[in-house]
Amino acid sequence: MKANRNLPLDQFIELALYDKVNGYYMKKNPFGKEGDFITAPNITRLFSEIIAIWVVTFWKSIGSPKTFNLLEFGSGNGEMMKVIIETLKNFPECFLNCNFQIHEKSELLKKKQQLSLKSEKITWIKDIKKNNSFPTIFLANEFFDALPIKQFFKKKEVWFERFVDLKAEKKAEFKEEPVDIKDIEHDVNFEISKDQEIIEYSPGSFEYLKHICNLIKKNDGGILIIDYGYLQFKMHETLQAVKNHKHTNILEDIGDSDITYNINFNLFKTFVDQFGDLNSMICNQKKFLTSMGIVQRAEIISENIPFTKKSDLFYRIRRLIDEKQMGELFKVMLIKKKKNKFKTGFEID
Ligand SMILES: C[S@@+](CC[C@H](N)C(=O)[O-])C[C@H]1O[C@@H](n2cnc3c(N)ncnc32)[C@H](O)[C@@H]1O
């Protein structure tokens, strides 16, 4: 990584995570016990089975189209797509109509995905705007939290943007520079600073959401987003780095730790509301998975397995749905056409 550079936070994160040579996601497989973190599909395959069942019901809600795309953003080690395909084979009327697609930035992870999914027919899509015009069901599990963010802090009515000064190798420092917040609001197309003291957002997320919303409007479909995040209107600072399953300093181990943040889903909702004929629904992961029947499914599976396996399975399920663990930390958001009244997984208790 080159020294003597003062970069806005998002450009620094882009370099740290996605630099072609030294970027975190470009040079290592971060998943699992040996890696730095574990994601829901790698905790238990039941998570992906539930997503597959949800896909079938949503596909029916858009009129069971004869051809449709199931496009996953940032597939990591490919585990979720693998289990979804296996599960959908039990629903041939849906499976046989489906183009399976992945949009992945890391060449290293793409190779992993190709290896793990080699017996399946998958297309890797570079530019989602250049895809075919069939309805698309998009899936994004821990994708948006991996996109670089900008941060702004208001001090005595003046907004400052956070920069990273890469003075010298291994000697990075945070800096702040005054900024005209109107320029940022012009870019995002709404008053993002209204009643906020801190702004934390990912320009890349808004870029993706814009294209996804336009594609849903044009071709029908929807997107299911599952990610770390919160619903409150007021934004706060959530930037963090993770290495070996522990929090670490963002400015140390650059390129060797994952950098992530908690999504403000209220912000995503405000963004989507700009697209008149679309709407969104949000709930926590516990509600989504339990109302989709993950516990009942685990009970059926565990009828004929030894006690140790059964307790391991329920330990894993608890990790996903416990409110002190991923059950509340993670939110699930669906963006779809307003005229589609589908709400499976999001029903009020
Ligand atoms: C935190 S991992 C989640 C992986 C997987 N979805 C899971 O749940 O295990 C983020 C994934 O998004 C990919 N990614 C990040 N930015 C991307 C981008 N702009 N386009 C496509 N993939 C991206 C990363 O390479 C990685 O595969």
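The values are calculated or read from the model by the stated rules, or taken from the named source; none is laboratory data. The shown structure was predicted, so the numbers you read here are calculated from the model rather than taken from an experiment. Neighbour counts run over all protein chains shown; Cβ positions are idealised from the backbone, glycine included.
Worth pointing out:
- The condition of being without any contact (Cβ under 8 Å) to a residue 60 or more places away in the chain and buried (at least 18 other Cβ atoms within 10 Å of the Cβ) does not hold for Ala16.
- Looking across segment 216-245, the residues that are of a type outside the set (S, T, N, Q), within 16 Å of the ligand (Cβ to nearest atom) and over 18 Å from Phe144 (Cα atoms) come down to Lys243, His245.
- Matching residues in segment 270-298 - criterion: being in a helix (DSSP H, G or I), surrounded by 14 or more Cβ atoms within 10 Å (Cβ to Cβ) and not β-branched (Val, Ile, Thr): Phe271, Gln285, Lys286, Lys287, Phe288, Leu289, Ser291, Arg297, Ala298
- If the condition is being aliphatic (A, V, I, L, M) and buried (at least 17 other Cβ atoms within 10 Å of the Cβ), then segment 20-42 contributes Met26, Ala40.
- Among residues of segment 183-210 that are without any contact (Cβ under 8 Å) to a residue 60 or more places away in the chain and more than 10 Å from Met235 (Cβ to Cβ), those with a beta-carbon under 7 Å from a residue that is part of a loop (DSSP other than H, G, I, E, B) and of a type in the set (Asp, Glu) at least six positions away or on a different chain give the pairs Glu185/Glu191.
- Candidates are the residues of segment 312-349 that are in contact (Cβ under 8 Å) with a residue 60 or more places away in the chain and of a type in the set (Val, Ile, Thr); the one that is farthest from Phe138 (Cα to Cα) is Ile317.
- Tally of residues being touching a residue at least 60 places away in the same chain (Cβ under 8 Å), within 12 Å of the ligand (Cβ to nearest atom), in a loop (DSSP other than H, G, I, E, B) and not hydrophobic (A, V, I, L, M, F, W, C) across segment 101-156: 4
- Subset tally (residues that are surrounded by fewer than 20 Cβ atoms within 10 Å (Cβ to Cβ) and within 18 Å of Gly76 (Cβ to Cβ)) for segment 104-121: 12
- Test: residue in segment 194-216 that is surrounded by fewer than 21 Cβ atoms within 10 Å (Cβ to Cβ) and β-branched (Val, Ile, Thr): yes
- Listed by position, the strands (runs of 3 or more DSSP E) enclosed by segment 194-252 that each have at least 2 residues that are within 19 Å of the chain's Cα centre (by Cα) are 198-201, 221-230, 240-243.
- Matching residues, segment 19-31, being within 14 Å of the ligand (Cβ to nearest atom), touching a residue at least 12 places away in the same chain (Cβ under 8 Å) and over 16 Å from the mean Cα position of the chain (by Cα): Asp19, Gly23, Tyr24, Met26, Lys27, Lys28, Asn29
- Thr123 vs. criteria touching a Leu at 6+ places or on another chain (Cβ under 6 Å) and over 26 Å from Glu328 (Cα atoms): no
- Subset tally (residues that are at pLDDT below 95 and part of a strand (DSSP E or B)) for segment 29-82: 2
- Each residue in segment 65-89 was checked for being of a type in the set (D, E, K, R) and either closer than 15 Å to Ile128 by Cα or within 7 Å of the ligand (Cβ to nearest atom) (or both), and 2 pass.
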